[in-house]
Structure formats: C-alpha cells, structure tokens
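Quick note: the coordinates plus some simple rules give every number you see, no bench work behind them. No experiment lies behind these values; they were computed from the predicted model shown. Virtual Cβ from ideal backbone geometry, glycine too; neighbours counted across all protein chains shown.
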Amino acid sequence: MLLAIMKKTESPTASMTDPLPVEITTDPSRFDLGVVHGYLSRSYWAEGIPRETVARSIAGSLGFAAFFSGRQIGFARVITDRATFALSSHCS
C-alpha cells in the first residue's frame, strides 16, 4: 500500500504541497522490532518494556508499519478479534 503524505513546500512559487511517498504495510516480516522496541522503551507509556513483551504484543495483534525511503518511520498495532472489535495501541 502506498500513501502520499503531504509536505508543505518552502518554495515561494509553489502553490500546492508536494507528496511524500510513505509505504504502509501489515506484513510482520517487514516490521523492525528494534525500531519499535527502541521507541516504546523510551516512551512515557511503555518505558522499560522488555523486547520480548513488545514481540508478543505485535504477534497477538494486527500491526501497521510506515516506511519512508526504505526506513521504518512509524508503527501502530490494532488489538482486534478481526470480526467486530478493534482498538489502536502503541502508535509511534
């Protein structure tokens, strides 16, 4: 999936914003656990969370990773029964 994130341009002659291509994936094999754990372990809501806990939480939910220029720049997971309920969590 490709998502265009809009960036304000600094150019005085441009009247529109320039799109930045951000790729969003739900493929767990592409998630960078080191990036996700590194961010969460320094956050106020999950400070010091063990890497294994992050890995288990991702494995038990629906994850979304955002990539820009091949680098993971964001992550969110959805806790869901995949039928009628969903709750977003651990967005970064």
Gain upon complete extension [residue 20, residue 83; 0.36 nm per residue less C-alpha separation]: 19.4 nm
Cβ-based net charge around residue 65, under 14 Å, with every Lys or Arg adding one and every Asp or Glu removing one: 0
